[in-house]
1. Short version: which residues of the range A:21-54 lose at least 30 Å² of accessible area, all chains versus chain alone, 1.4 Å probe?
2. Under 15 Å from a point placed 7 Å out from the Cα of A:Q124 along the Cα-to-Cβ direction: which residues of the range B:74-88 have their backbone N that close?
3. How big is the range A:25-125 along each principal axis, measuring the range of its Cα positions in Å and listing the largest first?
4. So which of A:K10/B:K56; B:K191/B:K239; B:K163/B:K191 end up more than 26 Å apart, counting from Cα to Cα?
5. What do you get for the angle between helix B:266-290 and the principal long axis of chain B? Use alpha-carbon atoms, 0 to 90 degrees, nearest ten.
6. Determine the share of the range B:180-290's accessible area contributed by carbon and sulfur atoms, expressed in whole percent, with a 1.4 angstrom probe.
7. Counting only other chains, and only Cβ atoms inside 10 Å, what mean value do you get across the residues of A:63-73?
8. Using a/c under 1.5 as the rounded threshold, could you call the range A:83-162 rounded, prolate or oblate? The axes a ≥ b ≥ c are square roots of the C-alpha gyration tensor eigenvalues, and prolate needs a/b larger than b/c, oblate otherwise.
Amino acid sequence: MIEPHNVEIKVNGQLYRGNVEPRMLLSDFIRHELDLTGTHVGCEQGVCGACTILFDGQPVRSCIMLAVQADGHEIRTVEDLSSTGPANDLELHPLQDAFWQAHGLQCGFCTPGFLMTLVAFLEQNPQPSEVEIREAISGNLCRCTGYQNIVEAVSIAAQSMFGEDR
Amino acid sequence: MKPAPFEYLAPDSLSAVVEIMSENGDDAKLLAGGQSLIPAMNFRLVQPMLLIDLNKVSELDYVISNENGELRIGAMTRQRRLETDPTIARQAPLIAETMPHVAHPQIRNRGTIGGSLVHADPAAELPVIMVALDGRLLVRSNSGERWISSSSCFQGIFTTDIKPEEVLIEVAIPPMAPRTGWSFVEFARRKGDYALIGVAAVITLDNSGHCIHARLVYLNAGDTPIEAQQAAAVLINEKLSPALYREAAEVADAAIEPTANIHASVPYLRHLSRVLTVRALDQAATRAMQKIQ
């Protein structure tokens, strides 16, 4: 019998304390223990990028990390991007809004992974070229859009988040 | 697609890791970045009884330049840091330039230099770069430390000279000789994919522009990084020229043993190797020439 381990993880700003079996993947922990089902699990082998989250601020694939490894660390998932507006309505993150404007998604399965990858990317590179955007999303697979609208969404987001006339 | 059960330990010191490995080396597996190990565990290709997580051993995450110009990199240094660290960019630019070819940013945020080296995937870039730069690997066990040259470390697919109870702790790269140029080129079907084939070249010239040192090391061209010594010998004592690059590329053809796959036949891979060899030698020699006064 494998003993569970105590973990203390900051998830979207809130502290979580609990027990996890060592073999539980971080992606399963996020979805099944925390009920944060915005993080999607595609390939479970680190190829598709759908499960990308921010781990201490850096995008990583949560399906090839163990939940127990997040002990003492901070994770952010796609649920943390939007905020509640003054009229208690949902306000999309500028990047989410740009995906909506540019039709950067169709089925939406890959979208959380793209968003979490790109939030960190835009912080590091607020004025990316198309080549840099395509390189940034090289680790995320999308089977619907052909990527063109995603690239456009990133350009729109960069302008709205960091452009001069915002 | 879930790992089989295992016991998990996350010690926070190297001495504790070495102690645990001396008692459990045969049943235990060290977890570095986990970007190859955890997928293999998800597939249950690897089922360790005990997983020892190195991610709390912060003493293994460092980049130091010695007074004699030797670069020393801790085994748990992330690949992302290899890509961005100014000391590495200055003293071993071949490492920094090669990193963008290693998978994707999300992977490089977790993946480590030590993990990639001990995994010894013949399609991986870091083992090839270590051989090209004549790097050495420092391992520690309960019976002490020893250095392994990169040319003798890689013994087969996923197989190194490191013993089960030994822990890789550091990589040392000798200082770059004056008038040295470098290049790494590979061909992958998509950005971040495993390359079909690739090559690293390092060239050192004397003051008159004659080649005094050359090294060519191939990726995904056999079971280990393949060093083409006879091809490099073609260049020694010569004034370099495109004709010589082509000759070296022809000689290197005998050293490599690429295997056919769904994307490429062996003749195609050999053709690709010749093309990439000429490009790598041209870039390395051009950079070395620029350093001659």
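1. By number: A:P22, A:R23, A:L25, A:E44, A:Q45.
2. What the label zone holds, given the 15 Å backbone N cut-off, is B:78-86.
3. Ordered largest first, the range A:25-125 gives principal extents of 37, 28, 28 Å.
4. Numbers: A:K10/B:K56 17 Å; B:K191/B:K239 35 Å; B:K163/B:K191 34 Å.
Result: B:K191/B:K239; B:K163/B:K191 exceed 26 Å.
5. Computed tilt is about 80 degrees.
6. Here it works out to 50 percent.
7. Working: counts 4, 13, 7, 11, 0, 4, 9, 0, 3, 2, 1.
Average neighbour count from other chains, rounded to a whole number: 5.
8. In terms of gyration-tensor shape, oblate.
The values are calculated or read from the model by the stated rules, or taken from the named source; none is laboratory data. Please read all numbers here as calculations on a predicted model, not as lab measurements. Heads up, the Cβs are rebuilt from the backbone with ideal geometry, glycines too, and the neighbour counts pull from every protein chain shown. The accessibility values were calculated without ligands, DNA or RNA, using every heavy atom of the protein model including side chains. Shrake-Rupley method; radii C 1.70, N 1.55, O 1.52, S 1.80 Å.
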